[in-house]
Amino acid sequence: MPGKETRYTLWYEETDGQDFNFVGKKNANLGEMIKAGIRVSPGFSISIYANDTFITDTGIKGKIEAYLADLGPVTYETTKKASEYAIGLIEAASIPAVIEEEILSGYRRLCELSGTADVPVAVRSSGAISMPGQMETYLNIRGEKDLIDYVKRCWSSAYNVEAIMYRANKGMGFLFNIGVGIPKMVNSRVSGIIFTINPLNGDPSKISIDASYGLGEAVVSGLVTPDTFLVDKITFDPVKTTVGSKEVQCVYRENGSDIIQADVAGEMRQRLCVSTEEVGELCRLGKLIEDYYGKAYDIEFGIDADLSFPNNIIILQVRPESVWSKKEVTARTEKRKDPMERILGQLLTGVKLK
Amino acid sequence: MAGTTFMDPHDVPVIAGTQGWERMYPYQYQFSKDDPERGAFESSQIWYYDGLHYPEPHYPFDLIWDEAWSLALSQYNTRHFIIPPALGIDHRIVNGYVYITPVGIADQEVVAKRVPHFLERAGYYYQNWDRLYENWKKKVTGLIAELEALEFSELPEMEDISVVTEGVGKGRGFDMLKRYDDLINMGLLNWQYHFEFLNLGYAAYVTFINTTNQIFPGIPISTLTKMVSGIDVVMYKPDSELIRLARLAIKEGFEELFMRPLNAAGLMAELEKSPAGKDWLSEMERARYPWFYISTGTGWYHHHISWNDNLDIPFDAIRMHIRSIKEGKEVGRPTEKLVKERDRIVEEYRKLIKTDDDREAFEQCLAVARTVFPYVEDHLFYIEHWFHSIFWNKVRQIGRILQNSGFIEDVEDIWYLKRDEIKQALWDYCTAWATGVKPRGPSYWPKEITWRKEVYKKFRDWVPPPALGVPPDVVTEPFTIVLWGVTTDVLGEWLKGGGDGEGEQTELKGSPGSSGIVEGRARVLRNVSELSDLKEGEILVATTTSPSWAPAFVKIAGAVTDVGGPMCHAAIVCREYGLPTVVGTGKATHLIKTGDLIRIDGDSGAVVILERI
């Protein structure tokens, strides 16, 4: 097997944070999370090298360089023309067979893993330099033909007018090869949010989970009252569990990538949407993420209907907890001379009933 | 909410056909307005039904333990340790059901004066806890030995010649009356010992619970128990003995024999036939005393028999253990794992504490809680199981004598007599024997007992309201908080009341016993001998459970009990096994039928009947 720098595709778990030059930052981060034991949706990266080979072997690179030389000074108008030219070339070209074959073999493996033909995947751009929102990500791509089309579209999205301008402002060149990530779309039977503290009072000894059916939007946007689980972070014993009403769920439109609302059957509303063992696994992952980053975290997850436990528990996004982490910590107990004083204090206070 | 107060205790109606029931119980147990001051006190207090200990109405004799703890618990609060804001717990009985109320001290000056005494007296016990507790074990086991030695037998036709030749100078009738007094006094003394440590134990434990709750709001009781729980807990010893016997049976090749449909007697007869079998039996005999004195209930009622009273129960349990071991299941308590787990939990919690003040508070409370916890866990075996199991059978010896002389029709009728009435009957019996005449008892008691049985049946059909009187603002009495779990939520639930037990009730409310939510088919068990009916994954519904039910806990998905608080046995065991549990529902065994689909929520205490069979 060739070295990482000359591979066309690499599975997420084959890479780590250091490999951003080969697969782009987003992809490299996913590899890093897997190394830490954080389960993300299975998938692979199409390398920056693959992008380079594609534009070199198809002659696109040379044609663009020649076109640019003839174009004259850089203006919005000329940039727009260059953009159209580059995108046109990329989308019309065929990917060299050896690269296409590797992409498709990766895709077939994802189909096998999910037990689904034409499993929906995302096609995500991943530059070696962060360029937030400049390039495209496509959701719910199904089937080999579409996948190849969208990989090209993703590559070509590096030549959006905005992306070109952005790079020009940074003093970067016109040509820009990117990595592409092909993760399985999480077929979210359930999604939700984990806090590695109790978000209501900042108590660091709890893990809080909100979960509801379908895609995470329902929970994040407050569209439903989710099931809630407050769990002891140390023992994973449940502290408080409530069944939410969960009247609706967000799902992708059939054969589309836009999100619609659907009713949840009455009987399913009354049941907890997450099993005891799934709660345990969510807690384990939450604790792991907190330990890995060394602070409280806010985590989005999905439970994939195509995969079996525990591989179905997928981490979608993580970010540091932002409210309690910023507050000053003060003692919650009163100061007492000795244990006897403490017991006396308790007896004198009693338990208020009203 | 229906209101902010409960029914006045004086207004509870008498059940038709039970007029005169009061004579079955001591006069001071009645609510009464004879004395306006006492009547006003009664009306102003909150009286809650002690369903924790008493899922059934009281048999006149069995009230002995209620009186015993009324004296003991209260005196230790009020007169021994001078708990500053709390006096004792007062008791009443309504239609056969015991209601209790914590009595506080409102006058802050009086409270302040009690403080230095409390610090001195309770301080002494906390500081010398281990030594005093060792001494306690000696006192209690000594008392049990005395109890075992006490025997009751029929009076002889003629005193033995030695009584004359040795100049004994007293007779067997006097002896019997004295022995009866001795028996009762031992019972009462046993309960004096019961509370020697328990009040202080609960006070320390409440402090630990509340302090840790300040630092970590909502920390589960299960986690706290794991932090302080002992490893060699006496209450688990009976079950671990059965596991030892099960392993020994497998080692000696008796598995096949144990799987045959034989009862204990049959199995023992088979085992007697081989030397290895005899060895096994002598190992079992060793385990029986004291470990088979474990009660199949709480030990509070005379019908809570022990394993020693019916060896079929431990034999069935050994059979279950043999099966579990053969199936490769983990049986019993994995002590090494528990120790490791306890240390890990405490260590990780320590790391989460962010200020020095909180750290100090945590360490202080943890240390005291660990000192007192062995007593809190272990005293049940000595008092309610070991002592009580022997005690009930001593009373049965008297019952047999009274039956043989026609005072009662059946040994078990003796429970319908108050303990003072038994003394009176024995006077009747002994003086008639001495005089050589016919006693009055045989024409007096059977008629009275027949009436009492009818009254008792009517009591049983009555649903006691959870509380009477007026709720207070604050409860300071440690038992009321820890054991009965009286909180605002609980009172609110009680106040909702209404329509209790009427019609098709499909929801019950109890106390959270062990966390988690589970759905499953119910298996209602009246007593431990039905354990073999249990199927994998069922939810156990029982009046109460005792450690002798332990073999069931590897099979069930959860448990619901009529009786119990967060520190009751079922709750403790289920937390250890990680089974969702709701305790103290009051009437689960009445409302739920075997086969019903139920959902229990061990966090909120809710039980829902989803589907009737």
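Projected onto its three principal axes, the C-alpha set of segment A:4-183 covers 52, 31, 27 Å, listed from the longest axis down. Pairs of Cα atoms in segment A:188-326 fall into 5 Å distance bins, from 0 up to the last occupied one, in shares of 2, 11, 21, 23, 21, 13, 6, 3, 1 percent. Peptide B:469-475 is shielded by partner chain Cβ atoms: per residue, an average of 3 of them sit within 10 Å of its Cβ. What total accessible area, in Å², is buried where chains A and B meet, using a 1.4 Å probe and rounding to the nearest 100? Chains A and B together bury approximately 4300 Å².
Report summary: the helix-based calculation at 222 nm, which adds -39500 (n - 2.57) for every DSSP H run with n ≥ 4 and divides by the residues of chain B, gives -16000 deg cm²/dmol. As a length-normalised measure over Cα pairs under 8 Å and 6 or more apart, the relative contact order of segment A:4-132 settles at 30 percent.
For segment A:2-67, a simple Cβ point-charge model (Lys and Arg +1, Asp and Glu -1, everything else neutral) yields a dipole of about 160 debye relative to the Cα centre. Taking the charge dipole of the protein assembly as shown about its Cα centre, with +1 at Lys and Arg Cβ atoms and -1 at Asp and Glu Cβ atoms, the residue from A:Ala50, A:Ile141, B:Tyr202 reaching farthest to the positive side is A:Ala50.
Here the contact order of chain A, divided by its residue count and restricted to Cα pairs under 8 Å and six or more residues apart, works out to 15 percent.
Once you treat every alpha carbon in the protein assembly as shown as an equal point and sum by Debye, what is log10 I(q)/I(0) at q = 0.08 Å⁻¹? Cα-only, vacuum Debye calculation for the protein assembly as shown: -0.89. Working note: Karplus 6.51/-1.76/1.60 with θ = phi - 60° gives segment B:331-341 the couplings 10, x, 9, x, 4, 4, 4, 5, 5, 4, 5 Hz, where Gly and Pro are set to x. Highest mean packing first, where packing is the average number of other Cβ atoms within 10 Å per residue, the peptides B:452-462, A:216-226 line up as A:216-226, B:452-462.
Charged side chains reduced to their Cβ positions (Lys and Arg at +1, Asp and Glu at -1) give chain A a dipole of some 1300 debye around its Cα centre.
Debye-formula intensities of segment B:124-231, expressed as log10 I(q)/I(0) at q = 0.09, 0.15 Å⁻¹, are -0.48, -0.83 (one equal scatterer per alpha-carbon, no solvent). Dipole size of segment A:201-354 about its Cα centre, with +1 on Lys/Arg Cβ and -1 on Asp/Glu Cβ: approximately 1100 debye, rounded to the nearest 20. Across peptide B:356-366, the mean count of Cβ atoms from other chains lying within 10 Å of each residue's own Cβ comes to 4. One way to sum up the overall shape of chain A is the equivalent ellipsoid from its Cα gyration tensor, whose semi-axes run 47, 24, 19 Å, largest first. Look at the alpha carbon pairs under 8 Å that are at least 6 residues apart: their mean separation over the length of chain B gives a relative contact order of 20 percent. Computed packing ranks the peptides B:340-352, B:358-370, B:582-594 as B:582-594, B:358-370, B:340-352, most packed first, by mean other Cβ atoms within 10 Å.
Positive contributions from Lys and Arg (+1) and negative ones from Asp and Glu (-1), summed over other residues with Cβ under 12 Å from the Cβ of A:Asp149, come out at 0. Built from the Cα atoms of segment B:304-446, the convex hull projects on average onto 14.9 nm², one quarter of its surface area.
Counting Cβ atoms of other protein chains within 10 Å of each residue's Cβ and taking the mean over peptide B:595-607 gives 2.
The values are calculated or read from the model by the stated rules, or taken from the named source; none is laboratory data. Model, not experiment: these values are computed from the prediction. Counting neighbours? That spans all protein chains shown, and the Cβs are built from the backbone with ideal geometry, glycine included. These accessible areas exclude ligands, DNA and RNA; they are computed on the full protein's heavy atoms, side chains included. Shrake-Rupley method; radii C 1.70, N 1.55, O 1.52, S 1.80 Å.
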